[in-house]
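Enquirer: Could you have a look at this structure, given as structure tokens, before my questions?
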Amino acid sequence: MTIAVVAVVLGTVTTAGSVLAQPQRPMDVRDVVEVRQIQDIQVSPDGRQAAAVVAEPSVAANKVTSRVLVLDMAASQKVREVASLSGAAERITDLRWRPDGRSLTYLAPHDGVDEVWTVPAQGGRAQRLFAAPGPAIPVGGARALRGGVIPPHQAKVLRHEWSPTGRHLAFTVPLPPGEHTLDGVPVDDRTTLEGIGTGSYYPPRVGVWLWDVTNGRPRALVEVEMGRATYGPELFWSPDGTRLAVSGSSLTVLDIGSGATRILDENWYPARAVSWTADSRRVVVSTGQQLTGIAVDGSGSQPLAKLPAGSLTAIWTSPDRVVAAISDGTNEAVYAGKPGSTLARMSPENIDLSGCAFDHSRQDAMCVRQTNSSAPRLAVLRADGTLRDGYDPNHDMHDRAVQAPVAATWTNAKGQIATGYRIVPNGCGDGRRCPAIVITHGYDAMNKFMWQGHEWDYPSQVFAAKGYVVLLVNEPRVPGGPVDPRDTVSTMESAVRHAVDRGEVDPGRVGIAGYSRGAQITQRALAISTVFKAGSSGDGGDGGPGGPGDGVGDAIKAPLLAQTTEAVGMLLFPVFKRLRARGIPAEMVLFPDETHIFHQPRHREAAMRQNLDWFGRHLG
């Protein structure tokens, strides 16, 4: 193989050539933590350039550096850095092009608080665009009801979107939480244990504002509930710049001129994709297996295009083209077609393309390309479906030995089918049985590279390098859902039995691990199954984050390691104490100032090493 040599000169990264292949070494924990992630991509209005935010973790500094990189679509391996920010919790987010294409805007706490900043696309000094109204509000952190996966920081702005004309900038601001009175706080169906533990008694709200470029003045438009989206409601401008769709707890359209509002859907789920028709008369959403345009004047809906099976993540439209990003549970892919047609696959098979951004013609896109054995990099997707590799922020990973996970399916005792992946180290099988680790978290074992959303801090490639058979197992999907947790445990057992029957796994040395939902399944497996000899639960389980379970924690009969944030730790602590009192080997590690998905590099490294040590001790 050849290894790309990357040089940084005056802020420009270029591929200089290749050198002789170097021996590959196994991945270690620090390699996993320091994989660079591409977190935001935007294509310029003229389609000639793209910009991306790349997050670069450093264990030594315990910081993450966010870099804003700009590149030409025609020469996508060459980038220039135009802005950066480093910190344990500080990040650059919400990258956008100004409509004139000469500069970029983004959110960052350059002065200690998230506000809108702008920087020339050719590079230069970043400047705050305007003074955001209202006070700075603490957002993020596991202690806050608002954004448990966002690193804790102060913010005045949560999101921003430019109108197509460039005259207005819509943005959202966090509002101060409601104050309780001396009469006490009534508990209702919206109250959560986390809310009680953290004092977040009321659903948080955000304000939608408009900044006028011509006079430099912001004005308030409406207040809405923050909803379940990570950074609150998303904003979508109509192509003519006269209306704004707000996707939060409801789907609402604001008329910028008159200030009138119309709710298109009161029971809206904020993760659903939204777009507009080219004539600005309809908001485009998915209804079942089709795209539908909802008339903003209340005159009804009409079908726009049919969708293939899968989960819709993004929509782009033009007068003669409809494009959609759809995940089939294994890969995210791009589909396209004419209005009224059934969208056909545009991107190549067996490659995960995510975070795509299209030019205005919806012809070419810049995307994140990865597989479960290749780290994220940029790639250009052409209208004819061809893919051209672009800048690779993880070029230094080429000398790491990665064993490609193999797709697998398993059937549990009820005949329910689950998907996932198997990593079987060389030497396991053919008369030699190895220890095994099952890693689970809902339905997100996909074709992504050691994705933290599934693996959390259970590094599959490091476990494999140490001789473990690794089984990345999804829960089975059942009509009407959700699946009974006991059936999920049965699925995990089926995955292990399959590996045992193949002669790869020692049935006496099998562990299970998972975070959040996976923590609940891990603890239940240790309580009702004899297959698993040890487990590790990450920030969840019988004590949270969804609240206490049905006492499953007190039935655990195998060693348990629990790694938690402080909020979940308060709920899980009594279970941990009772396990120790019963003589069950149990350890609990709290990670202060952390989020549900850990964001501090040193915490991630420590959690991974603890998991490796835990299973090393209990599985041998």
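Enquirer: Which one of these does Val510 not meet: (1) open to solvent by less than 20 Å² (accessible area, probe 1.4 Å); (2) assigned to a helix (DSSP H, G or I)?
Expert: Among (1) open to solvent by less than 20 Å² (accessible area, probe 1.4 Å); (2) assigned to a helix (DSSP H, G or I), the lone unmet condition for Val510 is (2).
Enquirer: Suppose we keep only residues that are among the polar types (S, T, N, Q) and at pLDDT below 95 within the stretch 328-346. Which one would you say is least open to solvent (accessible area, probe 1.4 Å)?
Expert: Filtering the stretch 328-346 for residues among the polar types (S, T, N, Q) gives 330-331, 341-342.
Okay, now just the ones that are also at pLDDT below 95, so 330-331.
On the way: Thr330: 51, Asn331: 12 Å².
Per the stated criteria, the residue is Asn331.
Enquirer: Follow-up. Working carefully through the options Thr565, Thr522, Thr530, Thr595, find the one that is of a type in the set (Val, Ile, Thr), farther than 22 Å from Ile150 by Cβ and either within 22 Å of the chain's Cα centre (by Cα) or open to solvent by less than 30 Å² (accessible area, probe 1.4 Å) (or both). Give the steps one after another, and end with the answer.
Expert: Numbers: Thr565 fails: farther than 22 Å from Ile150 by Cβ; Thr530 fails: either within 22 Å of the chain's Cα centre (by Cα) or open to solvent by less than 30 Å² (accessible area, probe 1.4 Å) (or both); Thr595 fails: farther than 22 Å from Ile150 by Cβ.
So the residue among Thr565, Thr522, Thr530, Thr595 that is of a type in the set (Val, Ile, Thr), farther than 22 Å from Ile150 by Cβ and either within 22 Å of the chain's Cα centre (by Cα) or open to solvent by less than 30 Å² (accessible area, probe 1.4 Å) (or both) is Thr522.
Enquirer: Given the criterion within 16 Å of Val285 (Cα to Cα) and crowded, with 17+ Cβ neighbours inside 10 Å, identify the matching residue among Val368, Val380, Val402, Val323.
Expert: Numbers: Val368 fails: within 16 Å of Val285 (Cα to Cα); Val380 fails: within 16 Å of Val285 (Cα to Cα); Val402 fails: within 16 Å of Val285 (Cα to Cα).
Result of the check over Val368, Val380, Val402, Val323: Val323.
Each row is one residue, and each column tells you yes or no for (1) without any contact (Cβ under 8 Å) to a residue 24 or more places away in the chain; (2) under 24 Å from Arg369 (Cα atoms); (3) of a type in the set (Phe, Trp, Tyr).
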| position | (1), (2), (3) |
| --- | --- |
| Pro45 | no, yes, no |
| Ala55 | no, yes, no |
| Val68 | no, yes, no |
| Trp97 | no, yes, yes |
| Gly123 | no, no, no |
| Val157 | no, no, no |
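Enquirer: Could you please find all residues in the stretch 167-206 being charged (D, E, K, R), at pLDDT 70 or above and either open to solvent by less than 50 Å² (accessible area, probe 1.4 Å) or under 28 Å from Gly540 (Cα atoms) (or both)?
Expert: Kept after step one, since they are charged (D, E, K, R), are these residues of the stretch 167-206: 167, 179, 183, 188-190, 194, 205.
Checking which are at pLDDT 70 or above leaves us with 167, 183, 188-189, 205.
Matches in the stretch 167-206: Asp188, Asp189, Arg205.
Enquirer: Quick check: anything in the stretch 287-299 open to solvent by 60 Å² or more (accessible area, probe 1.4 Å) and either among the aliphatic types (A, V, I, L, M) or closer than 19 Å to Ser163 by Cβ (or both)?
Expert: The answer is no; no qualifying residue exists.
Enquirer: Determine whether Pro164 is assigned to a strand (DSSP E or B) and open to solvent by 30 Å² or more (accessible area, probe 1.4 Å).
Expert: Details: assigned to a strand (DSSP E or B): no; open to solvent by 30 Å² or more (accessible area, probe 1.4 Å): yes.
So Pro164 fails the test.
Enquirer: Same structure again: Exactly one condition in (1) at pLDDT 90 or above; (2) within 22 Å of the chain's Cα centre (by Cα) is false for Arg143; which is it?
Expert: Result: Arg143 fails condition (1) only.
Enquirer: Quick check on the stretch 378-394. Is at least one of its residues part of a strand (DSSP E or B), touching a Pro at 6+ places or on another chain (Cβ under 7 Å) and of a type in the set (A, V, I, L, M, F, W, C)?
Expert: Looking for residues that are part of a strand (DSSP E or B), touching a Pro at 6+ places or on another chain (Cβ under 7 Å) and of a type in the set (A, V, I, L, M, F, W, C), one finds at least one in the stretch 378-394, hence yes.
Enquirer: In addition: Looking at (1) polar (S, T, N, Q); (2) crowded, with 20+ Cβ neighbours inside 10 Å; (3) touching an Asp or Glu at 6+ places or on another chain (Cβ under 7 Å), which is the one condition that is false for Thr65?
Expert: Condition not satisfied by Thr65: (2).
Enquirer: Next question. What number of residues within the stretch 291-336 satisfy the criterion of being outside any strand (DSSP E or B) and among the charged types (D, E, K, R)?
Expert: Applying the first criterion (outside any strand (DSSP E or B)) to the stretch 291-336 yields 296-300, 307-310, 319-320, 328-331.
Now drop any that are not among the charged types (D, E, K, R), which leaves 297, 320, 328.
Qualifying residue count for the region: 3.
Enquirer: Restricting to the stretch 409-432, what's the tally of residues that are assigned to a strand (DSSP E or B) and buried (at least 19 other Cβ atoms within 10 Å of the Cβ)? Spell out the reasoning first.
Expert: If we filter the stretch 409-432 for residues that are assigned to a strand (DSSP E or B), which is where we start, we get 409-411, 417-423, 429, 432.
When the remaining residues are screened for being buried (at least 19 other Cβ atoms within 10 Å of the Cβ), the result is 410, 418-423.
The qualifying residues number 7.
Enquirer: Could you check how many residues of the stretch 401-444 are free of Cβ contacts under 8 Å to residues at least 60 places away in the same chain and hydroxyl-bearing (Ser, Thr, Tyr)?
Expert: The total comes to 2.
Enquirer: Further, regarding this structure: If only one of Gln49, Gln24, Gln77 is polar (S, T, N, Q), surrounded by fewer than 18 Cβ atoms within 10 Å (Cβ to Cβ) and more than 23 Å from the chain's Cα centre (by Cα), which one is it?
Expert: Gln24
Enquirer: Sticking with this structure for a sec: If we keep just the residues of the stretch 414-473 that are under 14 Å from Tyr515 (Cα atoms) and among the charged types (D, E, K, R), which is modelled with the lowest pLDDT?
Expert: Ranking the qualifying residues of the stretch 414-473, first place goes to Asp444.
Enquirer: While we're on this one: Would you check which residues across the stretch 223-249 are out of contact with any Leu (no Cβ under 8 Å at 6 or more places or on another chain) and assigned to a loop (DSSP other than H, G, I, E, B) and list them?
Expert: Met226, Gly227, Arg228, Ala229, Thr230, Pro233, Pro239, Asp240, Gly241, Thr242, Gly248, Ser249
Enquirer: Right, something else. Regarding the stretch 440-452, can at least one residue be identified that is surrounded by 20 or more Cβ atoms within 10 Å (Cβ to Cβ), farther than 30 Å from Ile41 by Cα and not polar (S, T, N, Q)?
Expert: The answer is no, given that none of the residues of the stretch 440-452 is surrounded by 20 or more Cβ atoms within 10 Å (Cβ to Cβ), farther than 30 Å from Ile41 by Cα and not polar (S, T, N, Q).
Enquirer: Only one of (1) under 22 Å from Lys338 (Cα atoms); (2) part of a loop (DSSP other than H, G, I, E, B); (3) modelled with pLDDT of 95 or more fails for Val283. Which number is that?
Expert: It fails just one condition, (2).
Enquirer: Would you check which residues across the stretch 356-374 are within 15 Å of Met446 (Cα to Cα) and touching a strand residue (DSSP E or B) at 6+ places or on another chain (Cβ under 8 Å) and list them? If you could, list the steps in order and put the result at the bottom.
Expert: Step one: list which residues in the stretch 356-374 are within 15 Å of Met446 (Cα to Cα), which gives 368-374.
Val368, Arg369, Gln370, Thr371, Asn372 - these are the residues of the stretch 356-374 that are within 15 Å of Met446 (Cα to Cα) and touching a strand residue (DSSP E or B) at 6+ places or on another chain (Cβ under 8 Å).
The values are calculated or read from the model by the stated rules, or taken from the named source; none is laboratory data. In this text, all values refer to a predicted model and were calculated from it rather than measured experimentally. Glycine also receives a Cβ, built like all others from the backbone with ideal geometry; neighbour counts cover every protein chain displayed. Protein only, heavy atoms only, side chains kept; ligands, DNA and RNA dropped before computing areas. Shrake-Rupley method; radii C 1.70, N 1.55, O 1.52, S 1.80 Å.
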